[in-house]
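Colleague: Starting off with a structure, shown below.
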Amino acid sequence: MVKANVDAVDIDPKTGTTLGFYSFGEERPTILIIAATDGGSATDVYASYLIMKHLESLDRIDGSVTILPVANPLAFRLGVKVSPLDSKDLDSVFPGDEHGTITERTAWEIWRRASQADYIIHLKTGRQNCVSHVVAMHREYIHVRNVASQIGLPFAIQCFGQRGSLTTEAAHEGIPIVSIEMRGDIDQVDSQAAVEVREAILNFMRLKDMISGDRIETSITLTGRLQHINVDAEGFFIPRVNLGETVQSGTVIGTVQDTTEIISPFNGVIVSLNRMNYVFEGDIVARVAPLLSDYRASEPTESEDTVPPRRKW
């Protein structure tokens, strides 16, 4: 059995900000897997746990895998996106600062390892019910596109390229990196999504000849940046399409109060979609990934994170 070498790094012991890096194997290639950069991360933490359990059951690893299950301990405990200590989002301050705030020092410590990795996989839990998918700068960088194409998930969505994000900064430095976004809630695990992502990552390791097992050849659809669909009414939203469904501009994706039709202005794939719930004017109810054949780089882009809903009181 492969035993993990645990490296605990104290960023700020007073607040419990200690990073636990679990390393399996000592050779190359090296993979760094990071989860829980914010507090909405129960499912991706569970996915990282499942990967560790599998690696522990192996007789050998030809290469090394380092896993950081919780990259932002305080935010994870509180279920928030930004640190209450310095009001910073960890995934916006990379490569960090050795002498900066707690969040910046955390980013710096992670970056020290990230900059030495051959591959990086950043696990995230979506804030909206979604199809598990890859997010990467696949249009700009061939080294990123090559990795994205070997992750066994259905879609690779173009990253927004926000500076300070680990996915952006590592790609700019020539490191093959992808993010994987999966469905789940802040404090509830979607076990099916976690297992799906675990299998995709283990298959990637098999394709790289790092672990034994049957390989599955991957086929992934590359898309443009996500486009948001907002509602202009208040009431109960009822979806009329399914996750992963391809829609055309003009398709009715749902209704509000059974009277107001919510129409997609985009061609593409429904990557995330609200379940039936109560919505307010301005809320985002779906995100569409345009296929590259339909995508225009000149189109306005939205923020990579789901925009906080506007409330009409």
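Colleague: Among E104, E27, which comes first, then next, by fewest other beta-carbon atoms within 10 Å?
Modeller: Lowest to highest Cβ neighbour count: E27, E104.
Colleague: What are the DSSP H helices in the chain that stretch 15 Å or more along their long axis, judged by alpha-carbon atoms, and whose average Kyte-Doolittle hydropathy comes to at least -0.5?
Modeller: Membrane-span-like by this criterion, though nothing is claimed about a membrane: 42-56, 191-207.
Colleague: Still on this structure, I have one more. Quick check: from the Cα gyration tensor, does the range 189-245 come out rounded (a/c under 1.5), prolate or oblate?
Modeller: It comes out prolate by the Cα gyration axes.
Colleague: Which value in nm describes the separation of the simple spin-label points at M1 and L292, placed 7 Å from the Cα toward the beta carbon?
Modeller: The answer from the label model is 4.4 nm.
Colleague: What does the extension gain come out to for E173 and R215, with contour length at 0.36 nm per residue minus their alpha carbon separation?
Modeller: Stretched fully, the E173-R215 segment lengthens by 12.2 nm.
Colleague: Within 10 Å, count the other beta carbons around each residue, average over each peptide in 233-243, 114-124, 73-83, and list them highest first.
Modeller: 114-124, 73-83, 233-243
Colleague: Also, I was wondering about something else. Among I34, F24, L226, pick out the residue whose Cα is farthest towards the positive end of the charge dipole of the chain, where Lys and Arg carry +1 and Asp and Glu carry -1 on C-beta, about the Cα centre.
Modeller: Positive-most Cα among the choices belongs to L226.
Colleague: Here is a follow-up. DSSP beta bridges in the chain, what fraction antiparallel, as a percent rounded to 5?
Modeller: 65 percent
Colleague: Could you check the simple spin-label distance between L78 and R275, using points 7 Å along Cα→Cβ, in nm with one decimal?
Modeller: 2.7 nm
Colleague: Label the range 5-221 by shape, choosing from rounded, prolate and oblate, from the square roots a ≥ b ≥ c of the eigenvalues of the Cα gyration tensor; if a/c is under 1.5 it is rounded, and otherwise prolate applies when a/b is larger than b/c, oblate when it is not.
Modeller: rounded
Colleague: Here's something else I'd like to know. Per the helix-only calculation at 222 nm, which mean residue ellipticity applies to the chain, given -39500 (n - 2.57) for every DSSP H run of n ≥ 4 and division by its residues, nearest 500 deg cm²/dmol?
Modeller: -6500 deg cm²/dmol
Colleague: Same structure again: With labels modelled as points extended 7 Å from the Cα through the Cβ direction, what inter-label distance (nm, one decimal) is found for R112 paired with T15?
Modeller: A separation of 1.9 nm, rounded to one decimal place.
Colleague: Using a cut-off of 23 Å between alpha-carbon atoms, which lysines can reach K53, once sequence neighbours fewer than 8 places away in the same chain are excluded?
Modeller: Those lysines meeting the cut-off are K3, K124, K208.
Read-outs throughout are calculated quantities, based only on the coordinates presented, and are distinct from any laboratory measurement. Nothing here was measured: the structure is a model prediction, and the numbers come from that model. Positions of Cβ are backbone-derived with ideal geometry, glycine not excepted, and every protein chain shown enters the neighbour counts.
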